[in-house]
Every structure is written in C-alpha cells, then in structure tokens.
1. Tabulate in residue order the Karplus-calculated ³J(HN,Hα) for segment 24-37, using 6.51 cos²θ - 1.76 cosθ + 1.60 with θ = phi - 60°, rounded to whole Hz; enter x for Gly and Pro.
2. To the nearest whole percent, what portion of all C-alpha pairs in segment 112-184 is separated by more than 17 angstrom?
3. With a cut-off of at most 14 other beta carbons within 10 Å, and DSSP calling the residue loop, which GluC sites (Glu not before Pro) in segment 1-90 qualify? Please list them.
4. Stokes-Einstein D for segment 1-138 at 25 °C, 0.890 mPa s, Kirkwood Rh over Cα pairs, in µm²/s?
5. Which of Arg134, Arg159 has the fewest other C-beta atoms within 10 Å, and how do the rest follow up to the most?
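The numbers here are math on the coordinates, done by the rules we state, and not lab data. Every value quoted in this text rests on a predicted model; they were computed, and no experiment measured them. Note: ideal-geometry Cβ built from the backbone for every residue, glycine included; neighbour counts use all protein chains shown.
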Amino acid sequence: MWKKLQDNPPFYLKFSQSDGYEILVTDYITLYLVYLSENEFLSVLKKSNPALEMVNEELIDKGTNLLSNMENLKSLSIYKEDSNLNVSMSKSYVYPFKLLITLKEVTKEIFFQKVTQPLLKTIKELQSIELELRQAIKEKDAEIEKYKEEGNKIRKHWRTMPFNEEEHLKKHEAYQSNFILPQDFPSSLLEQKKEITNGSIVKHEENVDHDHIKHEPMTPSLEEPNISHVSPKIEIKHEIKSETQLSSVTQTRKRKKKLNL
C-alpha cells in the first residue's frame, strides 16, 4: 500500500517484501525504485547506522519496521540528483535509527507494471462493482413494485424513491468519461510482468547507453586519422606503379626503333 512521505512536494512510498526488499517512491509524475537482496538491505542499514551495534536480525527488523510504519518520523529528507532520488529518514527507538537509500528512475515498462497496471485493475474492479450495485438496486425496485402490486403496503418510514439510473450516471460524468474500460479491453494487458533487477530496468542506465550511441560519431575518433593516412598511401603506391610501367614501355619502344634502323 502506498503511504505518504510528505505533503509539499508530495511524495509517496510503497515497501514490499517477497524474495527481496522493494522500495518505490513517486511524486505522481516520476517513479523511483530500488530492489535489494537481504544482504544488500543489511549493508545499507549498517552504512546508515555506523555507530549502532546490533545483530543482523535486529537491524533488518528495525529497517522493515521503519519502512512499514512511517508515522512519527524524527527526520525526513528527499532530494533529486540527475535520475536518482536520495531519501534519508530516521525514527526514534529510544535511540535514533536511520535509513539512507538511493532510488533510480524506472523505465516506462516498469512504470506501467507498478503504476498503470494496478490502476487499470482497480478501475476494472470498480467498474464491475458499480455495475453489480446498479443491477442489485434495480432488482430490489422491481421486487418492491411486485410486492405493492400484490396489494401489500409499505410503511412510510421504509419508503424510498425508485432508483433513477439515468440521473445517477449524469452525476458521475467524470467516472463515465475517464474510467470506463472498453468492452474489447485486452485482459492480457493486466497480466504482463517483467522481472525486476536493478541492472536492467533503470531508466538512467538506458539514457547513458543512448547518449553514448548518439554522441560517439561526433567525438574525435582514433580511427579517422588512420583512414586518412592509409588512403594517400594507397594512391601514392598506385601512382608510383603507374609511372614505372610508363617508363618501361617507353624504353621498350626506343629499343624497337633502334633495331628497325
């Protein structure tokens, strides 16, 4: 579950444990992530608290408790640095306990998996619930009408106005225009998953690769002098060869003329 880190600017954090420790932070626009193994998480906690002497189990317990229950934080600092987000927080457990982590901006595929996909699943479920509730209300209204047609009376304080579906939908135009999924919406889109590793999903690393590819032809290349050097050599050799051949042909013609005389 997403939990509020701070109000202004707004930042939210989500912490989960499965095979490792996954920490997500977002400002509603960009998503930052770090995925740590148990040993990596332990190393971060030790570096964050160099003066504390604790057994590994207690360090991990305090670290997970800090990320799971962020109420009453003693201190919190968030700042961006290029594609990184640095988060520093501390909580008092009789003694101050700190956590310093660096998260990286994720790729669009991971943003979809961690933000867009859960939202689509939620919208689909809400849409289904809303349709079921409307149908249930209409069925209850039909039962009441049938009950009245049979000559039964309803006490005044139990009477309700029949459900007007058209008026109900008019009151919720934003929901109808923004959150109704089409009938042919591909369910497979809700099941797509990509394995998360710090090395392969980070947007910062991808940008470095693209920049390198983009700017490499513009930077001075060590091969360019060699190419310009080789080309004249080939031409010079060709010219020397041609002059030698012409000289040989000329001398041969002179000898032939002398013999003819």
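1. 10, 9, 9, 10, 6, 10, 10, 10, 10, 9, 9, 10, 10, 6
2. Working: 1553 of 2628 pairs.
More than 17 Å apart: 59 percent of the Cα pairs in segment 112-184.
3. Values: sites: Glu22, Glu38, Glu40, Glu53, Glu57, Glu58, Glu71, Glu81; in loops: Glu53, Glu71.
The qualifying sites are Glu53, Glu71.
4. Values: Rh = 16.7 Å.
Translational diffusion coefficient: 147 µm²/s.
5. Working: Arg134 14, Arg159 9.
In order of increasing Cβ crowding within 10 Å: Arg159, Arg134.
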